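Heads up, the thing below is written out as structure tokens.
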Amino acid sequence: QVQLVESGGGLVQPGGSLRLSCVASGFRFSIYTMGWYRQAPGKQRDLVARITSGGDTDYTDNVKGRFTCSRDNTKNAMYLQMNSLKPEDTAVYYCNAVYASWPTWGQGTQVTVSS
């Protein structure tokens, strides 16, 4: 079955950096466009970054230039390098296939940006 495991979150000061990791199993990871999503308290879960099977990336305007998404298809893994973090980046971060045909989500990883 599909499994998604996110890690790497934590508490960081504004302007700091974090690197999130996602390890996937149960589907053919290498052919899917994958995405990083985030959900702040009281808000919906939104896609903030995505990467195609070939490595092309796309970002929402509010993270563009600060976040970098990458993947390693040999490890069924995806990463999100987050720099110049802001308090408004505080959320639970999730990974999943962008056009997933399954309802499964991982537990997410909490990112808190605060001084």
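The values are calculated or read from the model by the stated rules, or taken from the named source; none is laboratory data. All figures in this text were calculated on a predicted structure; none of them were measured in a lab. Note: ideal-geometry Cβ built from the backbone for every residue, glycine included; neighbour counts use all protein chains shown. The area values use the complete protein model at the heavy-atom level, side chains included, leaving out ligands, DNA and RNA. Shrake-Rupley method; radii C 1.70, N 1.55, O 1.52, S 1.80 Å.
Observations on the model:
Each row is one residue, and each column tells you yes or no for (1) of a type outside the set (S, T, N, Q); (2) within 14 Å of the chain's Cα centre (by Cα).
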| residue | (1), (2) |
| --- | --- |
| Pro41 | yes, no |
| Val48 | yes, yes |
| Thr74 | no, no |
| Thr90 | no, yes |
| Pro103 | yes, no |
| Gln110 | no, yes |
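- Contacts under 6 angstrom Cβ, first residue in region 14-25 being of a type in the set (D, E, K, R), partner open to solvent by 30 Å² or more (accessible area, probe 1.4 Å) and part of a strand (DSSP E or B), 6 or more apart: Arg19/Gln81
- Every test in (1) aromatic (Phe, Trp, Tyr); (2) within 13 Å of the chain's Cα centre (by Cα); (3) over 23 Å from Gln13 (Cα atoms) is passed by Tyr59 save one, and that test is (3).
- Within region 91-115, the set of residues being within 18 Å of Lys64 (Cβ to Cβ) and of a type in the set (Val, Ile, Thr) comprises Val98, Val111, Val113.
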